[in-house]
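Report on the structure given below.
Readers should treat all values here as calculations from the given coordinates under stated rules, not as data from a laboratory. Values in this document were obtained by computation on a predicted structure and should not be read as measured data. Quick reminder, even Gly has a Cβ in these numbers, built from the backbone with ideal geometry, and neighbours come from all protein chains shown.
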Amino acid sequence: MLDEGVGIPETHLNLVFEAFFSTKKDGTGMGLGLAVSYSIIAGYGGSIEVESQPGKGTVFRLVLAADPPHTVRENVDATGNLLGDTRKPYTWRQDVS
């Protein structure tokens with residue numbers, strides 16, 4: 001997904017997938033959307049990557065597993081943590097084209 005909006009400041013890129021992180025005013029957002037999306041997609045063996053440049057826009061790339069686990073439970077340990085979760089919350093690139 002690509003937009004040509006204001007972009008995401010570099011200081012926020014490492015936070016966008018964290019639960020309850022939001023830059024919106026109080027009462028206008030919970031900051032759960034990307035955290036929940038990341039967990040669901042990662043649970044099925046995929047990932048979400050983000051590239052952004054302030055003033056030029058943001059790209060979110062969804063990478064879906066070609067052969068996902070049959071259920072999310074197969075990709076989660078007994079405590080509910082994703083197996084092999086090597087979360088890379090952001091990719092910073094100078095040029096978004």
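For the reader, a short list of remarks on this structure follows.
- Here 49, 18 are screened, and the one residue that is charged (D, E, K, R) and touching a helix residue (DSSP H, G or I) at 6+ places or on another chain (Cβ under 9 Å) is 18.
- Residues of the stretch 25-63 that are closer than 19 Å to residue 1 by Cβ, out of contact with any strand residue (DSSP E or B) (no Cβ under 9 Å at 6 or more places or on another chain) and either of a type in the set (Phe, Trp, Tyr) or not in a strand (DSSP E or B) (or both): 29, 31, 32, 33, 35, 36, 40, 44, 54, 55, 56.
- Of all the residues in the stretch 42-60, those that are free of Cβ contacts under 8 Å to residues at least 40 places away in the same chain and either loosely packed, with under 15 Cβ neighbours inside 10 Å or closer than 20 Å to residue 22 by Cβ (or both) number 1.
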